[in-house]
1. 7 Å from Cα along Cα→Cβ at both residue 34 and residue 273: what's the point-to-point distance in nm?
2. Stretch residue 364-residue 259 to full length: gain in nm at 0.36 nm per residue minus the Cα-Cα span?
3. Using the alpha-carbon atoms, what tilt in degrees (0 to 90, nearest 10) does helix 159-169 show relative to the longest principal axis of the chain?
4. Once you treat every alpha carbon in the stretch 95-140 as an equal point and sum by Debye, what is log10 I(q)/I(0) at q = 0.32 Å⁻¹?
5. Which one of 118, 128, 292 has the biggest mean-square fluctuation once the chain is modelled by GNM with Cα springs under 10 Å?
6. Along each principal axis of its Cα atoms, how long is the stretch 176-230 end to end? Whole angstroms, biggest number first, please.
7. If Rh is defined by the Kirkwood formula over all Cα pairs and Rg also comes from Cα, what ratio Rg/Rh do you get for the stretch 229-388?
8. With a bin width of 10 angstrom, please list the P(r) values of the stretch 83-197 as percents of all Cα-Cα pairs, from the 0 bin to the one holding the largest distance.
Ligand SMILES: Cc1ncc(COP(=O)(O)O)c(C=O)c1O
């Protein structure tokens with residue numbers, strides 16, 4: 001049975017260009033990029049080529065790109081790096097209630113260390129009101145962290161609307177763009193963010209590498225201590241093959257973006273129209289928000305999201321529960337709960353498309369989901385009408 005992979009927001013399979021770049025490096029011994037000999041220089045050149053490609057994807061100057069071990073590390077570097085640096089006077093941090101755990105968890109840690117963290121809730125469509133963020137950013141605020149695209153709903157957040165005003169107030173803005181880069185145009189300068197986190201595996205690069213763009217001139221307390229790599233902001237010998245894969249994926253994603261965004265958007269719209277039209281009790285979460293084109297968060301009332309994920313898996317379809325699935329455990333979605341969708345928070349799935357998704361797969365998926373949902377409803381009815 002052909003598997004249908006609709007979980008690109010979890011990890012998007014390696015792009016052909018990324019695989020080729022990585023194999024070129026794995027097929028030979030890459031020297032240490034910090035070595036002064038010719039072999040070291042060749043490795044350094046590969047890294048700088050990749051850095052320029054990553055920078056190019058998000059309109060950032062190459063020297064602003066700090067290569068990290070992934071999106072989680074980039075978010076941690078920004079948050080600790082900005083809040084714990086020398087000369088930071090205030091103790092207040094403003095963020096949203098729908099951030100990824102790699103933002104929420106370090107902020108919780110800082111809260112336990114005495115910072116005051118304000119988590120602004122989104123509206124019912126999953127969008128945070130910039131005015132509410134600015135209102136919360138009272139004097140003494142040392143950081144505002146707002147993601148660009150939500151990983152569960154795809155809802156785009158008004159980061160650019162905050163950037164200018166926060167700059168005027170002298171408050172640093174961190175933006176987690178891991179789910180936006182490669183899906184919608186992202187411009188570091190236009191957003192006005194001071195730091196911008198990226199994860200390679202969300203755009204067809206390898207897992208375990210990512211980047212933090214840091215506005216030139218901004219000081220950041222390094223999270224790790226060691227050699228002076230990455231301008232002292234992320235010491236440690238660089239993984240040349242992973243970084244080369246990241247660069248190749250970023251370049252390929254940048255080239256494909258205009259046509260892919262339109263293609264995936266129309267496939268996503270087709271899924272939503274057909275499910276809404278054929279599956280009773282279905283709804284699209286965050287339907288009223290501007291969204292990245294590849295993501296759909298579908299609620300199927302009365303059926304547990306986890307049940308759907310397992311049943312779809314048995315039919316050859318890979319999706320995620322609307323609830324975040326980390327380390328193999330499925331929790332109720334903090335994102336849908338923050339949107340006020342208490343009921344949907346336990347009965348939603350996230351469908352996320354990518355470069356390998358085609359119309360045939362979409363049609364097959366719609367048919368399978370319809371059958372799986374009907375079966376699950378029959379089972380619930382037989383067990384006593386919705387009781388668990
Ligand atoms: C919005 C967002 N930020 C950060 C991350 C973390 O990236 P990584 O898996 O590279 O640590 C993810 C991935 O799950 C994400 O969706």
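What follows is calculated from the coordinates using simple rules that are stated; it is not laboratory data. Please read these numbers as outputs of a predicted model, since none were measured by experiment. Cβ atoms come from the backbone with ideal geometry, glycine included; neighbour counts cover every protein chain shown.
1. A separation of 5.6 nm, rounded to one decimal place.
2. 35.5 nm
3. In the chain, helix 159-169 runs at an angle near 40 degrees to the longest axis.
4. Cα-only, vacuum Debye calculation for the stretch 95-140: -1.15.
5. 118
6. 34, 27, 13
7. Details: Rg = 18.7 Å, Rh = 17.6 Å.
Rg/Rh for the stretch 229-388 comes to 1.06.
8. 14, 50, 32, 4
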